[in-house]
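Worksheet: the structure to be examined is printed underneath.
The values are calculated or read from the model by the stated rules, or taken from the named source; none is laboratory data. All of these numbers come straight from a predicted model, not from anything done at the bench. As a convention, Cβ positions derive from the backbone with ideal geometry for all residues, glycine included, and neighbour counts pool all protein chains shown. Areas reflect the complete protein model, heavy atoms only, side chains present, ligands, DNA and RNA absent. Shrake-Rupley method; radii C 1.70, N 1.55, O 1.52, S 1.80 Å.
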Amino acid sequence: MLKVNDINVFYGNIQALKGVSLEVKEGEIVTLIGANGAGKSTLLKTLSGLLKPKTGTIEYMGKVVSGKVPQAIVKAGISHVPEGRRVFSNMSVEENLELGAFTRKNSREIREDLAKVYELFPRLLERRKQLSGTLSGGEQQMLAMGRAIMAKPKLLLLDEPSMGLAPLMVKQIFNIIEQINKAGTTVLLVEQNANMALSVADRAYVIETGRIGLNGTAAELQASEDIKKAYLGGA
Ligand SMILES: Nc1ncnc2c1ncn2[C@@H]1O[C@H](COP(=O)(O)OP(=O)(O)OP(=O)(O)O)[C@@H](O)[C@H]1O
Ligand SMILES: [Mg+2]
């Protein structure tokens with residue numbers, strides 16, 4: 001479904017991604033784990049068209065999408081839930097969700113999908129009229145995910161959905177990620193919470209200072225001594 005071929009991405013003179021290649025197959029949950037500053041968010045921003053690779057290509061469903069504008073990429077079926085959620089604080093929950101459907105036209109389908117989002121996140125239904133800026137962190141994460149789903153993505157990019165959330169909320173968010181995946185959406189999940197990420201993922205890549213290091217099935221990485229030491233909190 002997604003094929004990243006040897007991309008190099010720069011901020012001015014600083015190279016943030018160095019020859020990154022990876023693949024996501026339809027139906028998978030693939031996780032990208034790595035430390036602060038490794039280049040995880042940069043990769044997701046490049047996939048969603050916010051940054052352009054200097055060299056290398058990104059293929060999605062057999063077509064090169066690197067170089068396309070973000071709106072065209074959303075329309076093609078890739079939705080990005082950015083790090084830090086970025087909901088529109090002065091708009092209600094429902095207005096934020098409706099905005100997620102900005103590239104779509106069929107209002108009956110949009111209404112049906114809104115109902116599905118509320119089914120997935122009952123908390124958002126309870127709070128549909130509330131200003132988004134007054135939601136809790138976990139609720140804002142739900143809203144950011146719900147808004148991305150309103151674009152009807154085939155591939156969902158999630159940037160650290162567990163960040164800053166209490167363990168119980170993290171568990172809920174990961175459960176929902178699995179539900180979204182079972183309902184047919186492919187997921188690329190960026191996480192620092194490697195334990196949780198590997199527990200839901202099929203496969204994983206490790207990124208270290210802009211380069212892909214280890215990759216394998218989630219089970220292989222969970223069993224790796226290096227990964228245990230560096231990312232899973234000890235031996
Ligand atoms: N707008 C920018 N201008 C210059 N350098 C940037 C910019 N954004 C990111 N960087 C640099 O690129 C590198 C990768 O950053 P990135 O945000 O992709 O890391 P990350 O893996 O998402 O980290 P974190 O886990 O802290 O979110 C870092 O060294 C960062 O300082
Ligand atoms: Mg980041």
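How much length is gained on full extension from GLU208 to LYS182, taking 0.36 nm per residue of separation minus their Cα-Cα distance? The partial results should precede the final answer.
On the way: separation 26, 0.36 × 26 = 9.36 nm, distance 2.99 nm.
Computed gain between GLU208 and LYS182 is 6.4 nm.
Using a Gaussian network model on the chain with a 10 Å cutoff between Cα atoms, which of VAL87, VAL64, VAL206 fluctuates the most?
Residue with maximal mean-square fluctuation among VAL87, VAL64, VAL206: VAL64.
Report the net charge of residues surrounding SER162, where surrounding means a beta-carbon distance below 10 angstrom and charges are Lys +1, Arg +1, Asp -1, Glu -1. Write out the running numbers ahead of the final one.
On the way: positive: LYS171; negative: GLU160, GLU191.
With Lys, Arg at +1 and Asp, Glu at -1, the net is -1.
If R0 is 30 Å, what FRET efficiency do you get for LYS116 and ASP226 from their C-beta distance, rounded to 0.05? Spell out each step's value before the answer.
Values: r = 41 Å, r/R0 = 1.35.
Efficiency at R0 = 30 Å is approximately 0.15.
Give the residue from ILE176, MET1, GLY34 lying farthest towards the positive end of the charge dipole for the chain; charges sit on Cβ (+1 for Lys and Arg, -1 for Asp and Glu) and the dipole is referred to the Cα centre.
Highest projection toward the positive end goes to MET1.
If the elastic network links every pair of Cα atoms under 10 Å, which of LEU189, LEU165, LEU143 fluctuates the most in the Gaussian network model of the chain?
LEU165
When the helix-only estimate is applied to the chain (DSSP H runs of n ≥ 4, each -39,500 (n - 2.57), divided by the residue count), what is the mean residue ellipticity at 222 nm, nearest 500 deg cm²/dmol? Each step should come with its number before you reach the end.
Values: 10 runs with 91 residues, N = 235.
After summing the helix terms and dividing by residue count, I get -11000 deg cm²/dmol.
Between the stretch 59-119 and the stretch 142-176, what's the alpha-carbon centroid distance in Å?
Between the Cα centre of the stretch 59-119 and that of the stretch 142-176, the gap is 13 Å.
Averaged per residue, what accessible surface does the stretch 192-235 expose to a 1.4 Å probe, in Å²?
Working: 2290 Å² over 44 residues.
With the other protein chains kept in place, the stretch 192-235 gives 52 Å² per residue.
Counting only DSSP beta bridges with both residues in the chain, tell me the antiparallel percent, nearest 5. Don't skip to the end; give the middle numbers.
Values: 20 of 38 bridges.
In the chain, approximately 55 percent of DSSP beta bridges are antiparallel ones.
With +1 on the Cβ of every Lys and Arg and -1 on the Cβ of every Asp and Glu, and nothing else charged, how large is the dipole of the stretch 2-231 about its Cα centre, in debye rounded to the nearest 20?
660
Quick one: Debye curve from the C-alpha atoms of the chain, no solvent, what's log10 I(q)/I(0) at q = 0.07, 0.08, 0.12, 0.14 Å⁻¹?
-0.22, -0.28, -0.65, -0.89
In whole percent, what relative contact order does the stretch 2-231 give with Cα contacts below 8 Å and a gap of six or more residues? Write down the numbers at each step before the final one.
Numbers: 426 pairs, mean separation 64.5, N = 230.
That works out to 28 percent.
Please compute the Kirkwood hydrodynamic radius over the stretch 44-127, one decimal place, Å, based on all pairs of different Cα atoms. Please list the in-between numbers first.
Working: mean 1/r = 0.0682 Å⁻¹.
It is 14.7 Å.
Taking the chain as a Gaussian network, where each spring joins two C-alpha atoms under 10 Å apart, which residue of GLY12, GLY146, GLY39 fluctuates the most?
Of GLY12, GLY146, GLY39, the most mobile in the Gaussian network model is GLY12.
If you roll a 1.4 Å probe over the chain with all protein chains in place, what percent of the accessible area is carbon or sulfur?
Result for the chain: 51 percent of the exposed heavy-atom area is carbon or sulfur.
Which one, TYR118, VAL24, ALA218, projects farthest toward the positive side of the charge dipole computed for the stretch 2-231 from Cβ point charges (K/R +1, D/E -1)?
Checked the options; the winner is TYR118.
Two decimals, Cα atoms only, Kirkwood Rh: what is Rg/Rh over the stretch 114-190?
Values: Rg = 11.8 Å, Rh = 12.7 Å.
Dividing the radius of gyration by the Kirkwood radius yields 0.93.
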